[in-house]
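K.L.:
Structure provided below as structure tokens; questions to follow.
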């Protein structure tokens, strides 16, 4: 292992807003779901803030005036609106090249996401992504962000220490999770959260494009 030219053995990526260009559709789906069940429709900022959280936690935060007994209906309506647009989603330009270069350096590539296991598996089983990632954790099978359990389980699975693990994400939830797990992080500014809030969470870098992220990782990871 020591001959491999890298600083981090394990790189964990958030999915939505980091690798996958889905922020606008998730935001609109949350807003439409809240409207469907009679709640106060959240602003774009409030709806996008919850991206990365587990679905139940996210919807409860985005719709605080919706009573708990309506949460199942809220979740169903969110899935309905999201599925109606799922074919509109795509990887950000340059992501496949980024992942290929990291694989060539023998990093373990993983996903730590607020998506469901079913939702993540559907995209990971596409031809473009088959075999790219070595492991993953989703919010419905472990603790949601910013709890560190996702990263802790991935580190345990691959036998990697926190100082050899790097988390990459587009929200404060991702960066806080890394901090909670004792890992380094990198933020991206092109996703769900404004990067002004990132600096307090001590990311090593904030990338403003996939190309910038690619260059930084090849030089520093």
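K.L.:
From the list 54, 112, 73, exactly one residue is modelled with pLDDT of 90 or more and within 13 Å of the chain's Cα centre (by Cα). Which is it?
P.N.:
Details: 54 fails: modelled with pLDDT of 90 or more; 73 fails: within 13 Å of the chain's Cα centre (by Cα).
112 is the lone residue from the list that is modelled with pLDDT of 90 or more and within 13 Å of the chain's Cα centre (by Cα).
K.L.:
Filter segment 163-178 down to residues that are over 14 Å from residue 112 (Cα atoms) and in contact with a strand residue (DSSP E or B) (Cβ under 7 Å, 6 or more places away or on another chain), then give me how many there are.
P.N.:
Final tally of qualifying residues: 1.
K.L.:
Taking residue 64 as the residue in question, decide whether it is modelled with pLDDT of 90 or more, closer than 24 Å to residue 193 by Cβ and touching a helix residue (DSSP H, G or I) at 6+ places or on another chain (Cβ under 6 Å).
P.N.:
Criteria not met by residue 64.
K.L.:
Give segment 6-34 a look and list any residue that's out of contact with any helix residue (DSSP H, G or I) (no Cβ under 8 Å at 6 or more places or on another chain) and under 30 Å from residue 164 (Cα atoms), or say none.
P.N.:
6, 13, 21, 22
Residues checked against (1) surrounded by 21 or more Cβ atoms within 10 Å (Cβ to Cβ); (2) touching a strand residue (DSSP E or B) at 6+ places or on another chain (Cβ under 7 Å):
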{"site": "133", "(1), (2)": "no, yes"}
{"site": "137", "(1), (2)": "yes, yes"}
{"site": "155", "(1), (2)": "yes, yes"}
{"site": "185", "(1), (2)": "yes, yes"}
{"site": "191", "(1), (2)": "yes, no"}
{"site": "203", "(1), (2)": "yes, yes"}
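The values are calculated or read from the model by the stated rules, or taken from the named source; none is laboratory data. This structure is a prediction, so every number in the text was calculated from the model and none was measured. Note that we place each Cβ from the backbone using ideal geometry, even for glycine, and neighbour counts take in every protein chain shown.
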